[in-house]
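A.B. asks: Sharing a structure below in structure tokens format, with a few things to ask.
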Amino acid sequence: MTAQRIAIVTGAARGIGAGVAERLAKDNVAVAVIDLDEAACKPVVERIEAAGGRAIAIGADVADETAVENAVERVVEELGAPTVLVNNAGIIRDNLLFKMTVSDWDAVMGVHLRGAFLLSRACQKHMVDAGFGRIINLSSTSALGNRGQANYSAAKAGVQGFTKTLALELGRFGITANAIAPGFIETEMTHATAERMGLDFEEFKAYGVKDIPVGRVGLPADIAAAVAFFASEEAGFVSGQVLYVAGGPKA
Ligand code: NAP
């Protein structure tokens, strides 16, 4: 049997990240649950431990270089060298272009792009040493363009280019890099979007479902299943890909 892999999942205190962390743990991966607030990560860690898995909680801002370096060092010390990285932390700061502030632009770029860059850079040496690595970055269907999301769509399209470049640079070390582009997934992020639009969530969901061929919105478990595939040993020949997980064709 191969030794237990160690994964880092960012933005894992809730939503898709929590779903991914719990799924990886179920697949016998030890997980560092990273989010802004360490205390907020604890319930996820407790659920993983209660199910017989191994996990630790770490508070870190993925856009902060020192915090990221320290977080990865803690993972190495407390769990072992991370060879699976899921760059999932995300924020939205939606507004039409003419109302979008520079700080809303910078905040979104900071978490999605700078964050994915800092974590990938900090983890790659451990993956190179192991001759094995899986980097999975969360993009979005918004990468194809979405009204009110000039910052977010640019960041999520950027994530795709970043992913393909990692695949090119790191492939020869046994490291794959892939992106998942979710459609409508029911989390606090989509609840916040409904609120901003002044819609009741069920109303917002019904409106969204009309354009989803499978006739339902997605759940964190739908994304976690795709992550589990990309993170697996057997996905070693799949790299530089963008998988739209959106209940229908998006690209
Ligand atoms: P969510 O429920 O808002 O969760 C995001 C998590 O990321 C939160 O726990 C948040 O912490 C954390 N986070 C934010 N900024 C951070 C930072 N600087 N450092 C560390 N953690 C940070 O979002 P979600 O819906 O699960 O989304 C997860 C990912 O999927 C994001 O990248 C998102 O863009 C992408 N995505 C989501 C959807 C969707 O429909 N939900 C669709 C496409 C793509 P706080 O609570 O402290 O802010």
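A.B. asks: Could you check which residue among HIS126, HIS112, HIS191 shows the biggest mean-square fluctuation in a GNM of the chain with a 10 Å Cα cutoff?
C.D. replies: The residue with the greatest mean-square fluctuation here is HIS191.
A.B. asks: Between ASP129 and GLU77, what is 0.36 nm times their sequence separation minus the Cα-Cα distance? Round to one decimal in nm.
C.D. replies: 17.1 nm
A.B. asks: From the convex hull of the Cα coordinates of the chain, what is the mean projected area in square nanometres?
C.D. replies: 13.2 nm²
A.B. asks: Here's something else I'd like to know. What would the Debye equation give as log₁₀ I(q)/I(0) for segment 158-251 at q = 0.11 Å⁻¹, counting only Cα atoms as equal point scatterers?
C.D. replies: -0.41
A.B. asks: Charges on Cβ only, +1 for Lys and Arg, -1 for Asp and Glu, centred on the Cα centroid of the chain; of SER120, LEU168, ALA226, which one is farthest towards the dipole's positive end?
C.D. replies: Value computed over the given set: LEU168.
A.B. asks: Next question, about the same structure. Apply the Karplus curve 6.51 cos²θ - 1.76 cosθ + 1.60, θ = phi - 60°, to the phi angles in segment 56-63 and return the couplings in whole Hz, x for Gly and Pro.
C.D. replies: For segment 56-63, the Karplus-derived couplings read 9, 9, 9, x, 7, 8, 5, 8 Hz, x marking Gly and Pro.
A.B. asks: For the chain, what proportion of DSSP beta bridges, expressed in % and rounded to the nearest 5, is antiparallel?
C.D. replies: Expressed as a percentage, antiparallel bridges in the chain total about 0.
A.B. asks: Pull up all non-local amide H partners of GLY133: gap of 5 or more, or a different chain, and H-to-H distance under 5 Å with H placed in the peptide plane.
C.D. replies: Residues meeting the amide H criterion: ILE175, THR176.
A.B. asks: Same structure, new question: Using Cα-only point scatterers and the Debye equation, what is log10 of I(q)/I(0) for segment 37-93 at each q in 0.16, 0.24, 0.30 Å⁻¹, rounded to two decimals?
C.D. replies: Result of the Debye calculation: -0.57, -1.18, -1.36.
A.B. asks: Distance between the C-alpha centers of segment 75-130 and segment 1-39? Whole Å please.
C.D. replies: A separation of 15 Å, based on Cα centres.
A.B. asks: Using amide H atoms built 1.01 Å from N in the peptide plane, name the residues 5+ places from VAL242, or on other chains, whose amide H lies under 5 Å from its own.
C.D. replies: Here ALA179 satisfy the definition.
A.B. asks: In addition: Name the longest site-free stretch of the chain, where the excluded sites are trypsin sites (Lys or Arg not before Pro) in a DSSP loop with no more than 10 other beta-carbon atoms within 10 Å. Can you show the working numbers first?
C.D. replies: On the way: sites that count: ARG147, LYS210.
Free of exposed loop sites, the longest segment is 1-146.
A.B. asks: Could you work out [θ]222 nm for the chain from helices alone, using -39500 (n - 2.57) per DSSP H run of at least four and dividing by all its residues? Round to the nearest 500 deg cm²/dmol.
C.D. replies: -14500 deg cm²/dmol
Every read-out reported here was derived from the displayed coordinates using simple, explicitly stated rules and does not represent laboratory data. Note that the coordinates shown come from a computational prediction; the quantities given were computed from them, not determined experimentally. Counting neighbours? That spans all protein chains shown, and the Cβs are built from the backbone with ideal geometry, glycine included.
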